[in-house]
Amino acid sequence: MNSTRAATIRRALRARGRVLDAGLTLTVGIIVAIMIHTSDEEYSRPPDARAYAIGVAMTLPLFLHRVRPIMALVLASAGLFVYYELDYPGIPPTAALALPFYSTVYAGHARWAVAVCVGFFSVGYVMVIREASDPLATMAAFLTHAAFAVTVMLLAEVVRNRRALAAETRERLRLAAEERELEAARRVAEDRVRIARELHDTVAHSMATIAVQAGSALHILDDRDEGARPALAAIRETSKQALKEMRATLGVLRSGADAGDRGPAGLDRLDALLEAVRAAGVPVDLQVTGTATALAPPADHAAYRILQESLTNVLRHAEPDVRVRVWMAYTGDGLDLEIVNNGGPGPGEHGQGQGHGLNGMRERALAIGGAFSAGPGPSGGFRVTARLPANPSPGNGPSGGGPSGRRADVPEGAS
C-alpha cells in the first residue's frame, strides 16, 4: 500500500514538473519572439520567418532543462550562434540561456555552465568586433550580459547548497532519532535483565522455599494432623505453579520476547485455581451460562488473571466463613465475569490501601477493549465485574455492561 501510494505521488510530481517545464519553455519562446520582432539594428537583416523558426528552435531544448540540463544549455547556445551568424538583429543571449544556466548549476554541473558561458561570450565577442568599430563599447555590452549569467549561476549554486544542507540536516536528525531509540531500547533491555535478576533472587527463591517446606511438612504429619494435610498440599501445588510461571516470566524478561510466546495462563487452569481456593477453606460456587466459545489468548489470559486476583483478594481480605460466587457468562462476542463474596470488606477497606491488585485487573480489561468495575456488593461483601471481548481490539476503551446488565465502568474511588 505504501509503495503504491509513493509511486502515485512520484507520477503526480513528474506530471506537474512536465507541465511547469512546458509553461517555462512557452514563456521563454514568447519573450524571444517579441525581442526578435522589436529588435532593429542598422546593419542587420530584417527578421523573417526563418528568424522566428530559429528562435523557436533555440527555446525548445529548454523543455529538457530539468532532466538534461547540459544538453538544453548546449543546444540553446548553438541556436543563438546560428541566429547571430545569419546576421539577424541582436537579442539578449541571457533571454534564452538564463534557465539552462540555472538548471545546469543546480544539477551539479557548474563546470559545464562556466565553460559554456566563457566560450559563448568569448566567441560572440570576437564575432562582433570583426565588424564593430568600438571594441570597448562592445565589451561593456557583453560584460553586462555575462554578469547577468554569472548572477543566475551563483543563485543556482546558493539554492543547491541550501537544499543540500537541509537534506544533510534531515539525515542527521534521522540518525540521531535512531540512536536515541537504540539507546532507549538498550536501557529497557538492561532494566528487564535487572528486574529479572531481582525477581529471581527474591520471589523465585522464596516460592521454591515455600514449596519445599510444604512438602517436608506433609511427610512428617501424623494421623492427628490430617486436617492440615489439604492445606499444605494446596500450598505446595500453588507455590510450584507460581514458581513455574515466575520462571517463564523471568525468561521473557531476560530475552525480551513477546509474553504471548510463553503460553500465558488461561481459563484451562481455572479448575486448579478453584480447587486451591477451596482447599484453603473458602467455598466457591461456579456458574457458567451461555455456550462456551474460545477466546483469543489475550482475553483468555486476562480472564484468568482477573479471576485469580479476585479469589486471592477474598483469601486475603474477607471475613471467616465467607462464600464466593463466580459467574461466567459467554455472550457470543465475549465473556462477562462476576465475582461476589458475602463475607466482609474488599481490598483497601481495612485502612491498608488498595495496593495494585484492582488497578492491575482494570488495566488488563481496558487494555483489550473491555470494561471493569469493583466495589461493595449489593448485599455486603465485595463485587468485581468485567466484560472481555472474544477478539480484543486494544484502544476501544470500556464499553457495554457487566454480567448483571449494569454498566461496567469503574466506580468513583474503587480502582
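The values are calculated or read from the model by the stated rules, or taken from the named source; none is laboratory data. Model, not experiment: these values are computed from the prediction. Cβ atoms come from the backbone with ideal geometry, glycine included; neighbour counts cover every protein chain shown.
Out of all the residues in region 127-141, is one or more in contact with an Asp or Glu (Cβ under 7 Å, 6 or more places away or on another chain) and free of Cβ contacts under 8 Å to residues at least 60 places away in the same chain? Checking region 127-141: not a single residue is in contact with an Asp or Glu (Cβ under 7 Å, 6 or more places away or on another chain) and free of Cβ contacts under 8 Å to residues at least 60 places away in the same chain.
Can you pull out every residue in region 262-319 that is polar (S, T, N, Q) and part of a helix (DSSP H, G or I)? Once the filter is applied, which keeps residues that are polar (S, T, N, Q) and part of a helix (DSSP H, G or I), region 262-319 yields Q308, S310, T312, N313. Residues that are surrounded by fewer than 16 Cβ atoms within 10 Å (Cβ to Cβ) and either among the small types (G, A, S) or under 44 Å from the mean Cα position of the chain (by Cα) (or both) within region 142-155 comprise A147, L154, L155, listed in sequence order. Could you check region 52-107 and list, in sequence order, the residues that are more than 23 Å from R130 (Cβ to Cβ) and either of a type in the set (S, T, N, Q) or not in a helix (DSSP H, G or I) (or both)? Passing the criteria: T59, H65, R66, V67, R68, S103, T104, A107. Which residues, taken from region 78-121, are under 19 Å from L154 (Cα atoms) and of a type in the set (G, A, S)? Residues satisfying the conditions are A95, A96, A98, S103, A107, G108, A110, A113, A115, G119. Of T249, T293, all but one fail to be more than 18 Å from S310 (Cα to Cα), modelled with pLDDT under 80, under 42 Å from the mean Cα position of the chain (by Cα) and not acidic (D, E); the exception is T249. Taken as a whole, the condition of being part of a helix (DSSP H, G or I), at pLDDT 70 or above and either surrounded by fewer than 14 Cβ atoms within 10 Å (Cβ to Cβ) or among the aliphatic types (A, V, I, L, M) (or both) does not apply to R224. When region 65-80 is filtered for residues that are of a type in the set (V, I, T) and touching a residue at least 40 places away in the same chain (Cβ under 8 Å), the ones remaining, listed by number, are I70, V74.
What is the residue count in region 164-195 for residues that are touching a residue at least 60 places away in the same chain (Cβ under 8 Å) and charged (D, E, K, R)? Result for region 164-195: 1. Being among the basic types (K, R) and crowded, with 16+ Cβ neighbours inside 10 Å is a condition met by no residue of region 34-48.
Checked against (1) at pLDDT below 80; (2) touching a helix residue (DSSP H, G or I) at 6+ places or on another chain (Cβ under 6 Å); (3) not small (G, A, S), L13 passes all but condition (2). Of the listed requirements (1) over 24 Å from R14 (Cβ atoms); (2) touching a His at 6+ places or on another chain (Cβ under 7 Å); (3) modelled with pLDDT of 85 or more, R50 misses just one: (2).
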